[in-house]
Amino acid sequence: MDFAIEAKDVVKQFRGAEAPALRNFSLAIPPGTLCGLVGPDGAGKTTALRILATVSNSFTGSATVAGYDVRRDPESVRSRIGYMPQTFSLYPDLTVWENLFFFAELNGVPKERRPERMKTMLEFTGLTPFYERRAGDLSGGMKKKLALACALVHDPRVLILDEPSTGVDPVSRRELWRILADVVRRGVTVLISTPYMDEAERCHRIGMLYQGSVLLIGTPQELIGRMPSRFLEVKASPRKAMRQIVIQTPGILSWRPVGDRLRVETAENHGELERIRNHLTDQFREQGMTVEILEEVKPMMEDLFVHTVGAQERRS
Amino acid sequence: MNHLITIMRKEVFHIWRDPRTLALILLLPAMLLILLGYGISGERNKIPLVIADLSKTDASRAYTQKFLVSDDFAWAYSALSEQELLDLLDRNEAEAAILIPPDFGESLDAGRTAKVQFYLNGSSDPTDMQTIQLKLNAIHQMAVQDLLTDKLSRSPLASSLSMPIESFSRVLYNPNSDQRWFMIPGLIPIILQVQALLLTALAIVREREQGTMEQLIVTPVKPWELMLGKIIPYLVVGVFNLFVLLILGYFLFGVGVTGSFWMLVALSVVFIIGSLGLGVLISNLAQSQMQAIYLSVFVILIPAIILSGLMFPRDNMPLLTYIYSMLLPVTHYLEIVRGIMVRGIGAESLWWTAIFPLIVISIGYFVASVLAFKKRI
C-alpha cells in the first residue's frame, strides 16, 4: 500500500542539544486520512512536521510525502503539499487578497483558474467580507483561517498543519475543524498537530509522540480501548475532604481534577474499580459528606494522554 | 520567471504600502545630502587667535597686525601674560596663540634675532592643526621678508635688489578649492552604500524573523528567483536615489558631472548591484534584523566611511587596512565618482585603478550571493 506520508526511523539531532529531538520517529499515513499528532510540549511534534514539510532537511532516516522523498526531491513534495507553520507566517502589510494571490501564484495555480480558486478559498474560510483588510489587522482566528486558505489554494494532496487551533476561540476552532472535515472529505491527507485532546478525538488516526518517538498509533477508539485502566468520576462536598480521601485511598493509579470533579484512574483487573468505589462510598459516609457523583465513566483521549505520559515519566 | 515577478511585486508592495518606509527610502538620502552638503562650510578661515604682546612696541604691533589683517585669522583676545594665553587655549576660546616676549622690540632695534612663540591646539584634528601651523608660518615668513627688504632697501645695495625666485600655482579641476566639489561626490557613494546594503539585508532577514521564510521554503520558488525578486526593486530604488542626489548636487550645490554622465550612471548600477550582493551575503549570516544591522554597520559601513578615501587618503594605510579598503566596492566607486564628476576624466584613466576592480568585486559579490543564498530558516 502506498502511504501519503511515510517516515522511517527519522532521527533529528539539534546542534548543542543533549537528547535528539526525534529518535526513530516512524509514521505511515494512508491517503485521505486525517491524522493527529499529540504529545507533551517538547515531544518533537513541530520538528517532525517541519521535516515532512521539507523545511528542515538535516536528519537521518527517510521520509516520503505524496510519494516523493523529502530530501532527494523536495521540490516535487513542495508542489504537492500545503503547510501551515505554528506561528503566523503571512505578510502583515499585505491584504487578505494579496496574500492569497501571492501564494496562489508561487504555488503555480494556473492564471485562468486563479480568481475562481481564490474566491472559493475565501468563501470556504468565511473571509470574503475581509478580502481588502491587511492580514496584520485580522483577529487571531481569522489569521489562522487565512493561513489555511493560503496553504490550500493550490489544491494540495497533503496538508500539514502545525497547531492550527492554538490561540483561537472555541467558535473559530469549530469552524476550522468544519473546514478541515471538508478538506478531508475531498480526499486530501491531513497531518495535524494539536495540544487539544478533544480535537485529537476527531482524527481518524492518532500518533502519540513522547520524547521524539511515536509511542502509540491507531484510531482513537483503538488506543483508548487498549488502555489497561478504568475511570471513576467523583464529586462530593466539601471538596477539600474529598481530595484528602481520594489521596489516601490505596489502589488509585492517578487522579486529576476535571471541572468540579475528580477523575480517578484504577487498574483494569476485575473488581478493582468496584472495590475503590465501595471504599470511597464508605469513607464519604463516615465523614458525613454529601456525594453527588460517584460513577464509572468512559475513558477519553485525555485520560489516555495523562495515562501514557504519566507512565513514561514514572519509568524514567 | 513568473515567480520572479511575483516576488518582485510583493516586495514593491512592502515598500509602497507603508508610507513611512517609502518616505525614509526616498527622502532620507536627499535630506542627508542637503544636511551634510551645507554642513561642510569649506575652508577654515577666521581662526580665533590670541595675542600676548608683552613688548608693546611699534615693531611688535606691526608684526601682529600682519596676522590680523589676513582673512585666515581673527583677533579673539589680547592676553597680558603667558598664563592668561594658556588659559584661553584651555577653555577653547582660541585655536592658536602668539606670544611676543618683552625684549622683542629691543632685540630688533639692536639688530639681534628677536623671538616669538606660537601655540597650537594639538587636541584638534591633526590636519586642521597643520593647516593652522602652515598659515601662521606663511604669514610669519612674509613679515620677516618685509622686515628684511625694508632693511636692505636702506642699505647701499638697494638698487640692484630683486626677488631671486617667484612662484605661481594653478589649482586644477577645482580652482576655487571649493570643499563642496570634494565632499558632494564623496557623500553620494556613501549614501548609496548605506541604503543598498541595509535595505536588502533587512528585506531578507525580516522574512526569517517574521516567520514568512518558513512558508516560502515550502513553495516551489527557486532560491535565485526569491533572491533576485527581492533585490531588483531595491536596485530601482538605488538608481532613483542616484538621480535625486545628482540633481540636488547640481542645483543646490552647483556640483555637476564634468565627465560622462551616462558612464557615471552605468558604473553606479554596477556599484549598487555589488552592494546589494553584499547585503544578501550579510542576510545569510544574520538571524535577526538586529544582527543584520550590526554586521552591516561594523563590517562595511564604518570602514566604508573611514577607509574608502572619503575623509583620509589611502596611500599611507598599513597593508592589511589597504587590502580591506580594496575589498569594499565603495572605495573604487568613490574614486570613479570623483574622477568623473570633478576631474571629468574617462575610462582610459580610471580603467585599471578603479573601474576594473569595481566591476570585478561587484560581480564577485553578486555571484557569491546568488550561490550562497539558500532557502532556509
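The values are calculated or read from the model by the stated rules, or taken from the named source; none is laboratory data. These numbers were taken from a predicted model, which means no experiment stands behind them. Glycine also receives a Cβ, built like all others from the backbone with ideal geometry; neighbour counts cover every protein chain displayed. In case anyone asks, the SASA skips ligands and DNA or RNA and just uses the protein heavy atoms, side chains included. Shrake-Rupley method; radii C 1.70, N 1.55, O 1.52, S 1.80 Å.
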Might you work out the accessible area of A:Ile192 for me, using a 1.4 Å probe with all protein chains in place, and round it to the nearest 10 Å²?
0 Å²
Between the Cα axis of helix A:170-185 and the main Cα principal axis of chain A, the angle (0 to 90°, nearest 10) is 60 degrees
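Holding the Cα-Cα limit at 18 Å, pick out from B:Lys10/B:Lys222; A:Lys119/A:Lys145; B:Lys56/B:Lys115 the pairs that are longer than that.
Numbers: B:Lys10/B:Lys222 16 Å; A:Lys119/A:Lys145 14 Å; B:Lys56/B:Lys115 14 Å.
Beyond 18 Å: nothing from the list.
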Per DSSP, loop trypsin sites (Lys or Arg not before Pro) in segment B:302-377 with at most 14 further Cβ within 10 Å
B:Lys374, B:Arg376
CD proxy at 222 nm, helix term only [per DSSP H run n ≥ 4: -39500 (n - 2.57); per residue of chain A; nearest 500]
-11000 deg cm²/dmol
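Nearest 0.05, what FRET efficiency do B:Glu106 and B:Gln179 give at R0 = 35 Å with Cβ-Cβ as r? Could the numbers behind the result be given before it?
Working: r = 44 Å, r/R0 = 1.26.
With a Förster radius of 35 Å, E is 0.20.
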In segment B:100-180, which chymotrypsin sites (Phe, Trp or Tyr not before Pro) are in a loop and have at most 15 other Cβ atoms within 10 Å, using DSSP for the loop call?
B:Phe168, B:Tyr173
Shielding of A:48-55 by partner chains, average beta-carbon count, 10 Å:
2
Which of the peptides A:64-77, B:217-230 is most tightly packed, and how do the rest follow, judged by the mean count of other Cβ atoms within 10 Å per residue?
B:217-230, A:64-77
Along each principal axis of its Cα atoms, how long is chain B end to end? Whole angstroms, biggest number first, please.
98, 45, 40
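Within the set A:Lys45/B:Lys375; A:Lys143/B:Lys374; B:Lys46/B:Lys151; A:Lys45/A:Lys240; A:Lys111/B:Lys374, which residue pairs have Cα atoms separated by over 26 Å? Intermediate results must be reported in sequence, preceding the final value.
Details: A:Lys45/B:Lys375 22 Å; A:Lys143/B:Lys374 28 Å; B:Lys46/B:Lys151 31 Å; A:Lys45/A:Lys240 38 Å; A:Lys111/B:Lys374 28 Å.
Cα-Cα > 26 Å for A:Lys143/B:Lys374; B:Lys46/B:Lys151; A:Lys45/A:Lys240; A:Lys111/B:Lys374; rest within.
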For B:Ile282, what accessible surface area do you get with a 1.4 Å probe? Give it in Å², rounded to 10.
10 Å²
Show me, bin by bin at 5 Å from 0, the whole-percent P(r) of segment A:5-224 based on Cα pairs.
1, 7, 15, 19, 20, 16, 12, 7, 3, 0, 0
Segment B:47-147: antiparallel DSSP beta bridges as a percent of all, rounded to 5
30 percent
With every protein chain present, what accessible area does A:Glu268 have (1.4 Å probe, heavy atoms only), rounded to the nearest 10 Å²?
90 Å²
Let me see the pair-distance distribution of segment A:145-255: every alpha carbon pair, 5 Å bin width, integer percents in order.
2, 9, 16, 16, 14, 13, 11, 8, 5, 4, 2, 0
How crowded by other chains is A:186-193, given as the mean number of beta carbons from other chains within 10 Å of each beta carbon?
0
Across 5 Å bins from 0, what is the distribution of all Cα-Cα pair distances for segment B:285-331, in whole percents?
5, 23, 27, 19, 12, 9, 4, 1
Assigned charges on the beta-carbon of Lys, Arg, Asp, Glu; segment A:5-224 dipole about Cα centre (debye):
300 debye
Convex hull over the alpha-carbon atoms of the protein assembly as shown: what's its volume per residue in Å³?
258 Å³
Averaged over residues of B:9-22, the number of beta carbons from other chains lying within 10 Å of each residue's Cβ is 2
